[in-house]
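Novice: Handing you a structure now.
The values are calculated or read from the model by the stated rules, or taken from the named source; none is laboratory data. Worth saying up front: this structure is predicted, and the values here are computed from it rather than measured. Please note: Cβ atoms are built from the backbone with ideal geometry, for glycine as well, and neighbour counts cover all protein chains shown.
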Amino acid sequence: MDKLIFRNTYWNYYKQMEQDFFSYSPYCEIDEHNGNAFSVRYLQLYLSICSEIDTICKRFCKLLDAGLQSDRCGIMDYIPILNRAYPTIAREKVELINYKYHEVQPWRSIESGEAPEWWRRYNAVKHHRDEIEGDKVNYRYANQENVLNALCALYVLVEYWATQNFAMDKQETQNAIMLLFKSPKLRLTYWNFYEIFMGEWFNTKRFHEYLEKETVS
């Protein structure tokens, strides 16, 4: 896929959703104590982010496994494909830049073949918004914590899809294209080692060594 098509079709949409999330901070500070804070804005963003996750998973997983029946697939079809192709996805941690917030590991549960909790809550919000689950109505699960987890999950997906498209040469050590798809707000903790020379290059060779090491282990 051409980098301009990828940027215009997927990356710019991701950036807009990321910008929207962080723009709410003056009204509801991004803080672990505000994890249960919910609003119509969070609801709107939650639905948009998770819909985009489904869209990208469908396209990405079809690229990774041509046998995927993309006309009738869902999260439980994507999980084994992602695990086979990239076992590292489940272990990726996301840092919030310039925020005191714990690292987010949005895809952790897929390592054991389970859908993430934030995805399960999304489905409840989408299909059964007015029903009560646990001690609250489902629409209240459109909260800061779930939206942030979903946003981080989407960022991980976009970064992996970008590497699949633009960082295929395992011997390449200087890749400038990958730096076009770097968030100013989120950082993949384990990827710091692959972004070198003051952030001007992405070390593709080192990144593939990381992938292969995790696949073997």
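Novice: Working only within region 48-82, note down all residues that are under 23 Å from residue 11 (Cβ atoms) and among the small types (Gly, Ala, Ser).
Specialist: Passing the criteria: 48, 51, 70.
Novice: Continuing with the same structure: Within region 122-177, restricting attention to residues that are under 30 Å from residue 204 (Cβ atoms) and among the hydroxyl-bearing types (Ser, Thr, Tyr), which residue is surrounded by the most Cβ atoms within 10 Å (Cβ to Cβ)?
Specialist: Let us first name the residues in region 122-177 that are under 30 Å from residue 204 (Cβ atoms), namely 148-177.
If we keep only those that are among the hydroxyl-bearing types (Ser, Thr, Tyr) too, we end up with 155, 160, 163, 173.
Values: 155: 24, 160: 21, 163: 22, 173: 12.
Restricting to residues being under 30 Å from residue 204 (Cβ atoms) and among the hydroxyl-bearing types (Ser, Thr, Tyr), the top hit is 155.
Quick grid of which residues meet (1) at pLDDT 95 or above; (2) in contact with a Cys (Cβ under 7 Å, 6 or more places away or on another chain); (3) farther than 30 Å from residue 99 by Cβ; (4) assigned to a helix (DSSP H, G or I):
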position: 30; (1), (2), (3), (4): yes, no, no, no
position: 36; (1), (2), (3), (4): yes, no, no, no
position: 42; (1), (2), (3), (4): yes, no, no, yes
position: 55; (1), (2), (3), (4): yes, no, no, yes
position: 58; (1), (2), (3), (4): yes, yes, yes, yes
position: 61; (1), (2), (3), (4): yes, no, yes, yes
position: 78; (1), (2), (3), (4): yes, yes, no, yes
position: 83; (1), (2), (3), (4): yes, no, no, yes
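Novice: Another question about this same structure. List every residue pair whose Cβ atoms lie under 6 Å apart, where the two residues are 6 or more positions apart in sequence or sit on different chains, the first residue falls within region 1-20 and is at pLDDT 95 or above, and the second residue, located anywhere, is among the aromatic types (Phe, Trp, Tyr) and surrounded by 16 or more Cβ atoms within 10 Å (Cβ to Cβ).
Specialist: Pairs found: 11/181.
Novice: Six or more apart or on different chains, Cβ atoms under 9 Å: show the pairs whose first residue is in region 167-178 and within 18 Å of residue 4 (Cβ to Cβ) and whose second is surrounded by fewer than 12 Cβ atoms within 10 Å (Cβ to Cβ) and not hydroxyl-bearing (Ser, Thr, Tyr).
Specialist: Cβ pairs passing all conditions: 175/169; 176/200.
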